[in-house]
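Okay, so here's the structure we're looking at.
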Protein chains: 4
Amino acid sequence: MTIVLGDNQYGKSETHVVRVTKKGRTHEIKDLNVSIALAGDFADTHLTGDNSKVVPTDTQKNTIFAFAHEPMGEIEDFAIRLARHFVGEFASVYRARVAIEEQPWSRVHDHAFVSAGSEKRLAAVTCTDDGTWVVAGVADLVVLKSTGSEFHGYIKDRFTTLPETRDRIMATSMTARWRYRDTQIDWADSFGEVRRLLIETFASKHSLSLQQTLYAMGKAALEARPEVAEVRITMPNKHHFVVDLSPFGMANDNEVFYASDRPYGLIEGTITRDDAREAPMAW
Amino acid sequence: MTIVLGDNQYGKSETHVVRVTKKGRTHEIKDLNVSIALAGDFADTHLTGDNSKVVPTDTQKNTIFAFAHEPMGEIEDFAIRLARHFVGEFASVYRARVAIEEQPWSRVHDHAFVSAGSEKRLAAVTCTDDGTWVVAGVADLVVLKSTGSEFHGYIKDRFTTLPETRDRIMATSMTARWRYRDTQIDWADSFGEVRRLLIETFASKHSLSLQQTLYAMGKAALEARPEVAEVRITMPNKHHFVVDLSPFGMANDNEVFYASDRPYGLIEGTITRDDAREAPMAW
Amino acid sequence: MTIVLGDNQYGKSETHVVRVTKKGRTHEIKDLNVSIALAGDFADTHLTGDNSKVVPTDTQKNTIFAFAHEPMGEIEDFAIRLARHFVGEFASVYRARVAIEEQPWSRVHDHAFVSAGSEKRLAAVTCTDDGTWVVAGVADLVVLKSTGSEFHGYIKDRFTTLPETRDRIMATSMTARWRYRDTQIDWADSFGEVRRLLIETFASKHSLSLQQTLYAMGKAALEARPEVAEVRITMPNKHHFVVDLSPFGMANDNEVFYASDRPYGLIEGTITRDDAREAPMAW
Amino acid sequence: MTIVLGDNQYGKSETHVVRVTKKGRTHEIKDLNVSIALAGDFADTHLTGDNSKVVPTDTQKNTIFAFAHEPMGEIEDFAIRLARHFVGEFASVYRARVAIEEQPWSRVHDHAFVSAGSEKRLAAVTCTDDGTWVVAGVADLVVLKSTGSEFHGYIKDRFTTLPETRDRIMATSMTARWRYRDTQIDWADSFGEVRRLLIETFASKHSLSLQQTLYAMGKAALEARPEVAEVRITMPNKHHFVVDLSPFGMANDNEVFYASDRPYGLIEGTITRDDAREAPMAW
């Protein structure tokens, strides 16, 4: 028996870069949180502390800033440029992953902005010598529907106390990520449309379970957008319980709810095409 | 020397209530986080554990839910009703404070909503037998201007290394609270207008210091809104540092910034009217 | 009517400084989060943007680092030195507040340490030309007793549903702060003893209400430590609810609890001496 | 092309259960945060909303509480019992994962406890009809060494500015997880010993890179504990930068450091045995 090094990667996480682009008095901003992870020929640094094949994470951070000096494009473009740089420049780097979270801002003035909320736009790009995989997404997308959701017909056992319901609040803080078939994409357009379809399906599709809603959301995106190969969605079920007002002589016709923090249901699912090649490398 | 009980208060914090109001197929929601604090004749429970004058915090929570069964109005209305209830109903309660944080939602469908972000609308109402004080506000209002901000002319001493600047990013996550002169107010209109004036002043007023901006924001609100007696603003200076790209042979004309988390400047100020009576009780 | 500037202060918050002191192979570390707030003659920067009386927050940060180069002593010592510096050095500064949070570490080796947890030691020093006030404390001190706590005899009204109990879990994440009579104190000894008395009283004193426990804790500190003038304690009641296991045919004799996040009771109180002068400036 | 359902799972996350065990006046407590995820024959609920094979997450929560009524044993025991229950009881459940985070407490009295900090003990158990996999671990284990760490000899390119160092602070907030060879283990003993070895190796092993330290930690655990098949460690590099005090005429011989929050290096690695079968199912 010998002890051996298995999978490993390293990189700089959460470099928070803000890029201002000036068009006369009108400015644009990109507010990005960039994380890099490199895998490759890094056994030496683990086994002996020989760092001669290591690109320091400090250099990775500097590279982000230097690359931000050029026009950035969409976050998918910027992530591709960065990921290809590390794979192309350094023989020891076999795989580079660049994950970007974009904070959206709304313009209120030529050069002033107000935060457009807690929702984040995501891109994650993986590069090797063999290819480039692009995953886009949205995190912390908080949605709620106050009716149009049922839950019944489930298994009952000796530990079941949940009453069936034909009408409940359904709320979640969604993370949805989707993999593109290739890299010849209008990133902004695709992102906007997939996001719109996810929200629209959540809102308008009558729901018999959160799983059904999750699947319908991914299906809507895949049906409308041929450039999307696969969708992965994570939806915590942010429970809203009907408050029992009967001790106070009041009925509660699904009007007053208590929003609970923990525990919460957590639903995770993948929706794909039967002819899409799998790409575990991308995730 | 005797050991004595000084100021004290207690209550239920962070009851998270969601109220759905149905107008046919169209629903409205109010998403409130309500905290109550009561002061009064509570020496016995401290000194001997005699709870005969104590309104349990569990009952306070129930009261929030029961009151939410009636039409809520604006959060100022709801807070006033709750605060007056506790002072009016219980002889032992001399002062009730009800603080509400409202999470805004945007409609995407008849009965579906998407979170309108991390910004919160605030109301804090204090009631005693002698009066009712209403403070409104906004928390986590994140704004950024990419130019139109300078900082120079400050004291230099042996520990000064900061270079003067004629152009910097100014960004903050503001909490602003304002006290109303009385309770005969169109709460929604006042809130919307004060919020608009704060943002507009931040965006358009050229700044020589964050203090100057803070004062100008409060002044704009007081000038335009006679119903506002006093404004208190807290502004962390979310530093955006120009990245030194010269080691890479690049100029950086205020285009690439590093957004720092800590430490941060923190500016706090009050703007008031010389004829406004002070109301320390309100805060 | 004229619009005027009211109370205001500014400073650098959360400068995170770690000081290593080397005694041969044996090292000691101090891990401090330092926040400074200055008040004084700062109307000009608010009204006109004239910064000629402003000590930049960047300079305040530098001063913390420079002062950390000298032996630090206890956090109370370090805060006093910093606060006196700003009041003494700058005519425009009338009042300086320095608040320090110390992260404790446990030694595991000559020069290696493991975090001693989430609890923080606090010091807050206020200086003016007239004096120096020192407040010490502890934050995020999480304690739980699994019996020895009752709650009954409270007011019942139409919104009361809470059953009385003769045995419950009592748990809290306490912040306790205490003001010293003067500055001639053995800071480390006083801190350790007050902290010990707070925990011991929580643990051993039978409780009829969280208020009674809070008062007893402050009283124990004041009785044993003449150098303490006043104690202020904030205790969220971290509710642990007995789970109803009867649907599963099981009794639950206070054995299985559900720990709830929100809402929570919040108890705040001051315990002082009848002959102690008030010192609102200190807090 | 057909749209199809891919990998999916669901369950109840973060059920926070506290178990008190009474031995006369002396109590013991277990404070657990339990998350369950089930995979299996759940296509119907996704495709049509037919929930007839679904075990509601509410029932999963109830099951945790009911199982907590029996003696719990170590968290590995409790997780195994729960995971086997779901796989054994329900034909539609092919795989159950139960992940537990245990909050440690220190005794201060017969029945009173103080939180032993932010570090958490972990167990994650996966069950199918074919087997049971047990992973144990520790999260948020924060360690720091003030010397005994170097970093040099790395790749320099046009974006490198980091100076080489022969002496730096090395600090991390580690998550380490290790997979056991089987389920016949003295869980508490193994956990304690692996944790001790990780800390001891971090503290005493001279470091030329964080990767070298990570590997040495895993190797120490594998060498000493034959029951451990594989170790996975994630170590953020919590950078402590030497403050440049030269503008103030001071030297800084690695004494005064600024602790930075973001960005941070992130090192992830697996250490295993060449004769250990892989078990991707376990993670």
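If each label sits 7 angstrom from Cα along the C-beta direction, how far apart, in nm, is A:ARG81 from its counterparts in the other copies? From this label point to the equivalent ones elsewhere in the assembly: 4.8, 5.6, 5.8 nm.
Once both axes come from the Cα atoms, what is the angle between helix B:187-204 and the longest principal axis of chain B, in degrees from 0 to 90, rounded to 10? Once rounded, one gets 10 degrees. Dipole magnitude for the protein assembly as shown: about 0 debye, using +1 per Lys or Arg Cβ and -1 per Asp or Glu Cβ, origin at the Cα centre.
Using +1 on the beta carbon of Lys and Arg, -1 on that of Asp and Glu, and nothing else charged, what's the dipole of the stretch D:67-148 about the Cα centre, debye to 20? Walk me through the numbers on the way to the answer.
Working: 8 positive and 12 negative charges, 49 e Å.
Rounded to the nearest 20 debye, it is 240 debye.
For B:ALA139, inter-copy separations between label points set 7 Å beyond Cα along the Cβ vector come to 1.5, 2.4, 2.6 nm, shortest first.
State the three equivalent ellipsoid semi-axes of the protein assembly as shown, derived from the C-alpha gyration tensor as the square roots of 5 times its eigenvalues, in descending order and whole Å.
Semi-axis lengths for the protein assembly as shown are 42, 39, 34 Å.
Across the stretch B:141-277, the volume of the C-alpha convex hull divided among the residues equals 132 Å³ per residue.
Across the stretch C:103-120, coupling constants 3J(HN,Hα) worked out from phi with the 6.51/-1.76/1.60 Karplus curve, θ = phi - 60°, read 8, x, 10, 9, 6, 10, 5, 2, 9, 10, 9, 10, 4, 8, x, 8, 5, 10 Hz, and Gly and Pro carry x. Filter the cross-link list B:LYS145/B:LYS205; A:LYS30/A:LYS145; C:LYS120/C:LYS238 down to pairs whose alpha-carbon distance in this structure exceeds 22 Å. From the list (B:LYS145/B:LYS205; A:LYS30/A:LYS145; C:LYS120/C:LYS238), the Cα-Cα distance tops 22 Å for A:LYS30/A:LYS145. Under a 5 Å amide H cut-off, with hydrogens placed 1.01 Å from N, C:VAL4 pairs with B:THR272, B:ARG273, B:ASP274 among residues at least 5 apart or on other chains. Distances between placed amide hydrogens fall under 5 Å for A:TYR94 paired with A:ALA39, A:GLY40, A:ASP41, all partners being 5 or more residues away or on another chain.
The residues neighbouring C:TYR180, those whose beta-carbon lies less than 14 Å from its own, together hold a net charge of -2 under the Lys/Arg +1, Asp/Glu -1 convention. Percent of alpha carbon pairs in the stretch B:210-283 separated by more than 17 Å? Everything past 17 Å amounts to 61 percent. Whole angstrom only: what separates the Cα centroid of the stretch A:3-74 from the Cα centroid of the stretch D:176-206? What the calculation gives is 32 Å, centre to centre. Of C:HIS69, C:ALA116, C:SER149, which is farthest towards the positive pole of the stretch C:58-160's charge dipole, taken about the Cα centre with +1 and -1 on the beta-carbons of Lys, Arg and Asp, Glu respectively? The Cα lying farthest towards the positive end belongs to C:SER149.
Give the order of B:GLU76, A:GLU28 when sorted by the count of other beta carbons within 10 angstrom, beginning with the fewest.
Going from sparsest to densest Cβ surroundings: A:GLU28, B:GLU76.
With the convex hull drawn over the C-alpha atoms of chain A, the volume per residue is 215 Å³.
Computed over the stretch B:45-86, the Cα gyration tensor eigenvalues convert (square root of 5λ each) into semi-axes of 27, 10, 6 Å, ordered from largest to smallest. Here the spin labels are modelled as points 7 Å beyond Cα on the Cα-Cβ line, and at B:ARG196 and B:SER106 they lie 1.8 nm apart. With the biggest extent put first, the Cα atoms of the stretch C:6-73 measure 55, 19, 15 Å across the principal axes. Here the 3J(HN,Hα) profile of the stretch C:74-85, calculated from phi with Karplus coefficients 6.51, -1.76 and 1.60 at θ = phi - 60°, is 6, 5, 5, 4, 5, 5, 5, 4, 5, 5, 5, 4 Hz, Gly and Pro shown as x.
Could you work out the helix-only [θ] at 222 nm for chain A, with each DSSP H run of four or more residues adding -39,500 (n - 2.57) and the total divided by the number of residues, to the nearest 500 deg cm²/dmol?
Numbers: 5 runs with 65 residues, N = 283.
Helix-only estimate at 222 nm: -7500 deg cm²/dmol.
Put the Cα centre of the stretch C:234-283 next to the Cα centre of the stretch D:216-283 and the gap is 38 Å. With the label put 7 angstrom out from Cα along the Cα-to-Cβ vector, B:ARG166 ends up 4.7, 7.3, 8.1 nm from the copy partners, going from closest to farthest. The D:ARG84 and A:THR234 beta-carbon pair, evaluated with R₀ = 30 Å, returns a calculated FRET efficiency of approximately 0.70. For chain A, excluding the exposed loop sites themselves (trypsin sites (Lys or Arg not before Pro), DSSP loop, at most 14 other Cβ atoms within 10 Å), the longest remaining stretch covers A:26-155. Straight Cα distances below 18 angstrom link C:LYS53 to the aspartates and glutamates B:GLU150, B:ASP157, B:GLU164, B:GLU268, C:ASP7, C:ASP41, C:ASP44, C:GLU89, C:ASP129, with same-chain residues fewer than 8 positions distant left out.
Sorted from largest to smallest, which semi-axis lengths in Å does the alpha carbon gyration tensor of the stretch C:8-129 give for its equivalent ellipsoid, taking the root of 5 times each eigenvalue? Display every interim value, and only then the final one.
Values: eigenvalues 206, 35, 28 Å².
The answer is 32, 13, 12 Å, longest axis first.
For chain D, what does the relative contact order come out to in percent, with C-alpha contacts under 8 Å and a separation of six or more? Write down the numbers at each step before the final one.
Numbers: 536 pairs, mean separation 36.3, N = 283.
After rounding, I find 13 percent.
Against chain C, whose longest principal axis is taken from its Cα atoms, helix C:210-224 shows a tilt of about 50°. Computed as a quarter of the hull surface, the mean projected area of the alpha carbon convex hull for the stretch D:110-198 stands at 11.1 nm². In order along the stretch B:252-260, the Karplus-derived 3J(HN,Hα) couplings, from 6.51 cos²θ - 1.76 cosθ + 1.60 at θ = phi - 60°, round to 9, 8, 6, 10, 10, 10, 9, 8, 9 Hz, and Gly and Pro are given as x. For the rotational copy relationship between D and C, the axis lies nearest to a chain D beta carbon, identified with its distance in whole angstrom as D:GLY117, 1.
Coordinate-derived values only; no laboratory data. Computed from a predicted structure; not experimentally measured. Using ideal geometry, Cβ is built from the backbone for each residue, glycine included, and neighbour counts are taken over all protein chains shown.
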